[in-house]
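The values are calculated or read from the model by the stated rules, or taken from the named source; none is laboratory data. Since this is a predicted model, take the numbers as computed values, not measurements. Please note: Cβ atoms are built from the backbone with ideal geometry, for glycine as well, and neighbour counts cover all protein chains shown.
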Amino acid sequence: MTNQEGGIQPPGEKLRKAIKWLGEMAQSDSGQTRRQILEQAEIRFNLSPRECEFLNENFAELPPRK
């Protein structure tokens, strides 16, 4: 399996990348709501409905920035 952009990825890799990206976006001052960031992640990483549900259940309330 390749790990290149657009190539075949191991199971869960898209979700791991999405979670990492969510963390980066949460720390930036993008002015976007958490809902907007989650929606962008779902599209950007081409997540399955199950993966989207996981993100919504676990990351809808991101911890406050320090």
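Of note:
- Each residue in the range 16-50 was checked for being touching a Phe, Trp or Tyr at 6+ places or on another chain (Cβ under 9 Å) and more than 18 Å from residue 61 (Cβ to Cβ), and 4 pass.
- Taking the range 26-52 as the range and being in a helix (DSSP H, G or I), modelled with pLDDT of 90 or more and surrounded by 12 or more Cβ atoms within 10 Å (Cβ to Cβ) as the test, the residues that pass are 36, 37, 38, 39, 40, 41, 42, 44, 51, 52.
- Among residues of the range 26-42 that are without any contact (Cβ under 8 Å) to a residue 40 or more places away in the chain, those with a beta-carbon under 7 Å from a residue that is basic (Lys, Arg) at least six positions away or on a different chain give the pairs 26/65; 27/65.
- Which listed residue is surrounded by fewer than 11 Cβ atoms within 10 Å (Cβ to Cβ), more than 11 Å from the chain's Cα centre (by Cα) and at pLDDT 80 or above, from 5, 61, 57: 57
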